[in-house]
Amino acid sequence: MSALNSAESRLNDLYADQARMEEEMAARIEVAEKLRTQVRELEREKRDVQRRYNEQVRFCLFPPLHTLTDFF
């Protein structure tokens, strides 16, 4: 009977370890998903900033004609 109790105890320990590992994996997946979302948002913001910068540079280098006639 002692061997059976020992095996059951070991099996319960393994189930507990598995449950802990599954919880840890779920937490890591959640963190990874949040990081992916943040990366997407930052990439979108970067594109917007780059677009605005390019528009400003373009405006400085090639101002619209109506702004040039204001000087004459």
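Any read-out appearing in this document is the output of simple, stated calculations on the displayed coordinates, not a laboratory observation. Note that the structure is a prediction, hence the values are computed from the model and not measured. As a convention, Cβ positions derive from the backbone with ideal geometry for all residues, glycine included, and neighbour counts pool all protein chains shown.
Summary of values
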| item | result |
| --- | --- |
| Per-residue ³J(HN,Hα) for the range 47-57, Karplus 6.51 cos²θ - 1.76 cosθ + 1.60, θ = phi - 60°, Hz, x for Gly and Pro | 4, 5, 5, 4, 5, 5, 4, 4, 5, 5, 5 |
| 15 Å beta-carbon shell around GLU23, net charge (K/R +1, D/E -1) | -2 |
| The chain - convex hull of the alpha-carbon atoms, volume per residue in Å³ | 57 |
| Charge-dipole axis of the chain as Lys and Arg at +1 and Asp and Glu at -1 on Cβ define it, positive-most pick from ALA26, PRO63, ALA7 | PRO63 |
| About the Cα centre, charge dipole magnitude for the chain (Lys/Arg +1, Asp/Glu -1 at Cβ), debye | 520 |
